[in-house]
Every structure is written in structure tokens, then in C-alpha cells.
Amino acid sequence: MEGRRIVFVIFDGFQTLDLTGPYEVFQRADLLAGGYQCDIVAARAGLLRSGSGLPVHAGHGVDDAPSDGVDTLVVAGGSGVDRARHDPALTGWIAAAAAGARRVTSVCSGAFLLAAAGLLDGRRVTTHWGRARQLAREYPRVHVDSAPIFVRDGRVWTSAGVTAGMDLALALVEDDLGRDVAHAVARHLVLFLRRPGSQAQFSVALSTTPPATDPVRAAVAAIHADLRARHAIDELAAHAGLSPRHLQRRFTAELGVPPAAYVERARVEAAQRALAEGDEPVEAVARRCGFGTAETLRRTFHRHLGVAPSDYRSRFRSTADPLTAQEYS
């Protein structure tokens, strides 16, 4: 494979791992098989600080970096992306570089920079789950899917938050150099070659807006007060003081999901917390969180999170837990 120029775009307030994670993946692949040259471009050459304060040197600014000859463009995200996406020189350079690039990619909220450069219209993309609604709202021509770890739409690849940039980079390496090289890189960096599950497994916050009116708030409060209850629409309507049809319409309008879907999400997220924080058997968690049986919990977890309850517990249980942590002296 001929040398391919991988260009990382950063800015003041970028997320450190959005750069260093994928950079390490490509550098390790280059050591194993050759073929990659990594450059860093920013609005100006020189020292920039990440959102965590780590100083990083950008070798080129947009005024001296050639926009042609880019194989893969990797745009980082981070807290500074909102200011960066309003910099016409930066977004203009990104658009120019993307025009001739074989692949255009973003990590986390770097999708906002690609959108500002006009590169995501009509495409299916992902970003950090915490900013997906904002991206969809501010760029209505972009089809945002907050579930996947990364999405490929033609030559445009977008990834979820922070460490998902490494998942994306491994997929790009596999696309270029094959599974064996990508697997060797993953082994060296102690990563999944293909991480199981979706973004949903990493957040236990309900992905809905808060209710805006007292009747819907009353229905939501009843759901969380007793997740084991049936919560049929007529029962929730009684709590809300509305007819079932009226509650169904109001609930969906305010929260973006119908009552039945909200009940299931609330149960899943309660089970996520219970599995990560407690020692109860899966069967007990299933009963307490309203699933009835462990099998029902397992099927629902697979549908929402793409993992089994036992796998979820093994990944997210506290490292201080005596059953999962080992101490070496």
C-alpha cells in the first residue's frame, strides 16, 4: 500500500482522546505494515490546549497546510467545537480537503465541524449520545442515529464519543490492510476489534426530555415509583387525570416516545444501574425492575443495548468490587 496521508484536525478545546486514540491506532498499524503518514492541522500552527489542558503541537495551520493529497480526514470533537465550527477559515479548509479525500471522518462532536462545512447533508451519521439531539436540531438535513459506535455512509465515517474514535480507526485500518493487521493492532492496544453493543450501553440517563406539564409529570412519577407495576395506558391515565387517548397524545408530544416505550426504557435503565452497582442475581434484578423473568430481561437488553445482562455487569461493575478487582503486591 502506498503511503496514505491521515490528517487530524484539532482546535483549542479539542477532546484529547479524539486525537490520541485514533493516532495511536494508525501509528501502530504503520509500524506493523507501513503505509500511513499522520499530520495534525489546526486553524493555526503551533501549541493548542485540549479541553483537559493537555498541550499539543499542530504542525500546520490552514494557511500553510495543503488541502490536496489527503487520504483520510479525521476531525476531532471536544468542548471547543462550538467555537471552531464558526471559524470560516477552518471549515473552509475542511471542505476543501474533504473534496479530494478518499475518506472523511469525525470523532465524537467533530461531526458538528463536518456539518458546518456542509459535508453531512443527506447522510446518516452518529455522534456522542449526549449531543445527538443538538446535531439533529441544528442540522435538520443530517440523519442522526445516536445508537451506533460508528456509522459509514459512503466515504463519510462518523463515530460516537471519545474512545469510539479508536473503534472507528480500527475499522479504517481493517478496510485498508485487512483483518489480521487490525486484529494485531487491537491486541496490542488491548481493544475489541469490534466492540459489542451500542452507545446505549454506556449511559443510564433516559434519552427523553423532561415532561413539561403536571399530568405527564404525574404519569412519569407513577412509572418510576413502582417499575414492577403493569403501567397500562388506562392506569397511567388515571394518575394523570386524563383520558387514555389524551394521555397517549400528550405523553408522546412532550417526551418523544409513547408511554409503553418509556416504561420499557425506564426498566432497562434501572436494571443497568442495578447490575453495575449491586450484587443481586440477574433473576432478582429482573423481578425488581419490572421484567418478571431473567429471560425477558435478557431479550430486552439485547434489543436495546446489544449485550446480555451478565456481559453488561462484567463490563460496568465498579473496579473496586472485590469480585472483579485484583490487588497485586
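Tabulated data for the structure shown
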| quantity | calculated |
| --- | --- |
| Breaking point among (1) out of contact with any Cys (no Cβ under 7 Å at 6 or more places or on another chain); (2) surrounded by fewer than 21 Cβ atoms within 10 Å (Cβ to Cβ); (3) at pLDDT below 85; (4) of a type outside the set (S, T, N, Q), for Ile149 | (2) |
| Odd one out for Thr163 among (1) of a type in the set (Ser, Thr, Tyr); (2) in contact with an Asp or Glu (Cβ under 8 Å, 6 or more places away or on another chain); (3) open to solvent by 50 Å² or more (accessible area, probe 1.4 Å) | (2) |
| Flag for Leu32 being modelled with pLDDT of 95 or more and among the hydrophobic types (A, V, I, L, M, F, W, C) | no |
| Yes/no for Gly77 being in a loop (DSSP other than H, G, I, E, B) and open to solvent by less than 10 Å² (accessible area, probe 1.4 Å) | yes |
| Test set (1) at pLDDT 95 or above; (2) more than 24 Å from His143 (Cα to Cα); (3) crowded, with 17+ Cβ neighbours inside 10 Å - Trp93 fails condition number | (2) |
| Looking only at region 236-277, and only at residues there that are under 30 Å from Ala294 (Cβ atoms) and surrounded by fewer than 15 Cβ atoms within 10 Å (Cβ to Cβ), the one that is modelled with the lowest pLDDT | Glu277 |
| Single residue of Gly35, Gly3, Gly21, Gly69 found to be free of Cβ contacts under 8 Å to residues at least 40 places away in the same chain and of a type in the set (Gly, Ala, Ser) | Gly3 |
| Flag for Arg217 being closer than 29 Å to Thr293 by Cα, out of contact with any helix residue (DSSP H, G or I) (no Cβ under 8 Å at 6 or more places or on another chain) and surrounded by 13 or more Cβ atoms within 10 Å (Cβ to Cβ) | yes |
| Subset of region 99-111 [at pLDDT 95 or above, touching a Lys or Arg at 6+ places or on another chain (Cβ under 9 Å) and of a type outside the set (Ser, Thr, Tyr)] | Ala101, Arg102, Arg103, Val104, Ala111 |
| Residue tally, condition of a type in the set (D, E, K, R), modelled with pLDDT of 90 or more and in contact with a helix residue (DSSP H, G or I) (Cβ under 8 Å, 6 or more places away or on another chain), over region 178-214 | 0 |
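Okay, residues lined up against (1) of a type in the set (A, V, I, L, M, F, W, C); (2) open to solvent by 10 Å² or more (accessible area, probe 1.4 Å):
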position	(1), (2)
Leu113	yes, no
Ala116	yes, yes
Arg123	no, yes
Arg131	no, yes
Glu138	no, yes
Asp145	no, yes
Gly154	no, yes
Ala186	yes, no
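The values are calculated or read from the model by the stated rules, or taken from the named source; none is laboratory data. What you are looking at is a predicted structure, and each value in this text was computed from that prediction instead of being measured. Counting neighbours? That spans all protein chains shown, and the Cβs are built from the backbone with ideal geometry, glycine included. The area values use the complete protein model at the heavy-atom level, side chains included, leaving out ligands, DNA and RNA. Shrake-Rupley method; radii C 1.70, N 1.55, O 1.52, S 1.80 Å.
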